[in-house]
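A.B. asks: Just dropping this structure here.
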Amino acid sequence: MAFRIVWTDHAWTDLDQIADYIAKGSKAYASAFVRQIIARADTLELFPFAGAIVPEINRDDIRETFIKKYRMIYQVVINEVRILAVVHGARELPTTIVDRVS
């Protein structure tokens, strides 16, 4: 069974901010990186539990996958994968991530 991928508004905002930051150095690299993140999210359609449990949250339904230096945080709910956030791996995970889960 394929899971539906749903991006939250917060996650799109995260991705836009990352793209804007990277684009200061290279618009082409920023565009390629955004495509890479979206492609990784799309793989979760068939393998939603492929990512590791987020240690700061420690719930089986909240997972993460890494794309270069960034963490994509997502929640697996019934037949959906909800992309909650994309954050730099060196930064502390915002406490608001927990507020984004259902």
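A.B. asks: Just the residues that are in a loop (DSSP other than H, G, I, E, B) and closer than 20 Å to GLU92 by Cβ, please, taken from segment 69-79.
C.D. replies: LYS69 - this is the single residue of segment 69-79 that is in a loop (DSSP other than H, G, I, E, B) and closer than 20 Å to GLU92 by Cβ.
A.B. asks: If you go through segment 53-68 one residue at a time, how many are touching a strand residue (DSSP E or B) at 6+ places or on another chain (Cβ under 8 Å), surrounded by 11 or more Cβ atoms within 10 Å (Cβ to Cβ) and in a loop (DSSP other than H, G, I, E, B)?
C.D. replies: Looking only at that region, the number is 3.
A.B. asks: Still on this structure, please answer the following. Can you tell me which residue among ALA41, ALA28, ALA50 is in a helix (DSSP H, G or I) and either among the aromatic types (Phe, Trp, Tyr) or under 24 Å from ILE97 (Cα atoms) (or both)? It would help to see each step written out before you state the result.
C.D. replies: Working: ALA28 fails: either among the aromatic types (Phe, Trp, Tyr) or under 24 Å from ILE97 (Cα atoms) (or both); ALA50 fails: in a helix (DSSP H, G or I).
Testing whether each residue is in a helix (DSSP H, G or I) and either among the aromatic types (Phe, Trp, Tyr) or under 24 Å from ILE97 (Cα atoms) (or both) leaves just ALA41.
A.B. asks: Shifting gears a bit: Answer with yes or no whether LEU44 is without any contact (Cβ under 8 Å) to a residue 60 or more places away in the chain, surrounded by 15 or more Cβ atoms within 10 Å (Cβ to Cβ) and under 16 Å from ILE73 (Cβ atoms).
C.D. replies: Yes: the conditions hold for LEU44.
A.B. asks: A further question follows. Within segment 55-73, count every residue that is of a type in the set (A, V, I, L, M, F, W, C) and within 23 Å of ALA19 (Cβ to Cβ).
C.D. replies: Of the residues in segment 55-73, 4 are of a type in the set (A, V, I, L, M, F, W, C) and within 23 Å of ALA19 (Cβ to Cβ).
A.B. asks: Would you check which residues across segment 12-32 are surrounded by fewer than 15 Cβ atoms within 10 Å (Cβ to Cβ) and in contact (Cβ under 8 Å) with a residue 40 or more places away in the chain and list them?
C.D. replies: Residues satisfying the conditions do not exist here.
A.B. asks: I would also like to ask the following. Take the residues in segment 1-41 that are among the acidic types (Asp, Glu) and modelled with pLDDT of 95 or more; name whichever of them is farthest from the chain's Cα centre (by Cα). Talk me through it step by step, then tell me what you get.
C.D. replies: In the first step, residues of segment 1-41 are kept if they are among the acidic types (Asp, Glu); the result is 9, 14, 16, 20.
Still in the running and modelled with pLDDT of 95 or more: 16, 20.
Working: ASP16: 12, ASP20: 17 Å.
Result: ASP20.
A.B. asks: If we scan segment 54-68, do we find a residue that is over 20 Å from VAL81 (Cα atoms) and of a type in the set (Phe, Trp, Tyr)?
C.D. replies: No, that holds for no residue.
The values are calculated or read from the model by the stated rules, or taken from the named source; none is laboratory data. Because the structure is a prediction, the values reported are computed rather than measured. All Cβ positions, glycine included, derive from the backbone under ideal geometry; neighbour counts span all protein chains shown.
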